[in-house]
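Structure record follows, encoded as structure tokens.
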Amino acid sequence: MKLGYINYLNCFPFYYHMFHVKPLPGVEVVPAYPSQLNTMLKNGVLHMSPISSAAYAEAQQDLQLLPEFCLSSIGYVRSVILVSSKPIEMLDHCVVGLSQASQTSVVLLKIILQKFYGLTPHYKSSDPYPVLHDVDAKLVIGNEAMMHETEPLPYIYDLGDLWLQKTGYPVVFAVFAVRNDAIDYAETINAVCASYRMSLNELAKNPHDVIEKARQRYPDIAYDIAHYYTLLKFEFTE
């Protein structure tokens, strides 16, 4: 069975157990950007994967949602940001670069700028790094948002925090889903879910090793990983 893995710090806690404690036989883990995993899951290249919330909404007829797991935040999270050369209120008709790594974050940014600030920027695809060479502002997500800054960034806005301020609601950036035609892998899917639960339990009860393994896997992260994991929500609650 082919299992997608968002190759970011935020997704690592789900995979700690299968990466470092007990590998799962018959499971091939495929690491990629969120947008790449979205496409692979929708096209049947993957059998199971985290998927951007916006992408799941478009492809849900072919997928089964795993109701237990998610990647979400209530307010500030630091890994989905808008970096800007000017205040956000002044971005009307300016050029805003969009990372193509995540579908949900792109949709979220456009809603925030249009609905809550009344802005109509000119959007263009851009690289994932926090530099403003040819744009006035840029959406940066994932690990790249938490690396050491290579140039001064006058304004940094956290999209999770903006969304909470404007709506009072959290953001669910990604959910986990299985293709409808992956029924032959039911036993393996259950094993993956059990591994996810053991990983999250380890993070909750004995986080040191999970955090250390994450630091080793992503050495370029400048942000406090232990604190970062306290900002994320990995499971749906009632």
- Item | Entries in Lys110/Lys233; Lys2/Lys213; Lys138/Lys233; Lys22/Lys205; Lys42/Lys213 that, when Cα-Cα distance is taken, lie over 20 Å | Lys110/Lys233; Lys2/Lys213; Lys138/Lys233; Lys42/Lys213
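Indicate, rounded to the nearest 5 percent, the antiparallel portion of the DSSP beta bridges found entirely in the chain. Each step should come with its number before you reach the end.
Working: 25 of 38 bridges.
Given both bridge residues lie in the chain, the antiparallel proportion sits at roughly 65 percent.
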- At 20 °C and 1.002 mPa s, what whole-number value in µm²/s does Stokes-Einstein give for the translational diffusion of the chain, with Rh from the Kirkwood sum over Cα pairs? 116
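Determine the shape class of the range 72-129: with a ≥ b ≥ c the square roots of the Cα gyration tensor eigenvalues, call it rounded for a/c under 1.5, and otherwise prolate if a/b is greater than b/c, oblate otherwise.
Oblate, since a/c reaches 1.5 and b/c is not below a/b.
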- Note on the structure: For the pair Ile111 and Glu89, the simple spin-label estimate (label points 7 Å beyond Cα toward Cβ) gives in nm 2.4
- Applying 1/(1 + (r/R0)^6) with R0 = 41 Å to the Cβ-Cβ distance of Ala222 and Val21, what FRET efficiency is obtained, to the nearest 0.05? 0.90
- Message: Going by average Cβ density within 10 Å per residue, which order do the peptides 199-212, 28-41 take, highest to lowest?
- Response: 28-41, 199-212
- The ³J(HN,Hα) series, computed from each phi in the range 47-53 with the Karplus coefficients 6.51, -1.76 and 1.60 at θ = phi - 60°, rounded to the nearest Hz and given as x for glycine or proline, is 9, 8, 5, x, 9, 3, 4
- What FRET efficiency comes out for the pair Ala57/Gln165, r = Cβ-Cβ distance, R0 = 25 Å, nearest 0.05? 0.60
- Item | Amide H within-cut-off set for Val29, under 5 Å, with H built and near neighbours excluded | Leu3
- Those helices of the chain passing the 18 Å axial Cα length cut-off and the mean Kyte-Doolittle cut-off of 0.0 (DSSP H runs only) are 186-205
- Message: Ignoring everything except DSSP H segments at least 4 long, calculate the 222 nm mean residue ellipticity for the chain; use -39,500 (n - 2.57) per segment, divide by total residues, nearest 500.
- Response: -10000 deg cm²/dmol
- May I have the convex hull volume per residue, in Å³, for the Cα set of the range 80-167? 83
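The numbers here are math on the coordinates, done by the rules we state, and not lab data. As the structure is a computational prediction, the values presented were derived from the model and not from experiment. In this analysis, Cβ positions are derived from the backbone assuming ideal geometry, glycine residues included, and neighbour counts consider all displayed protein chains.
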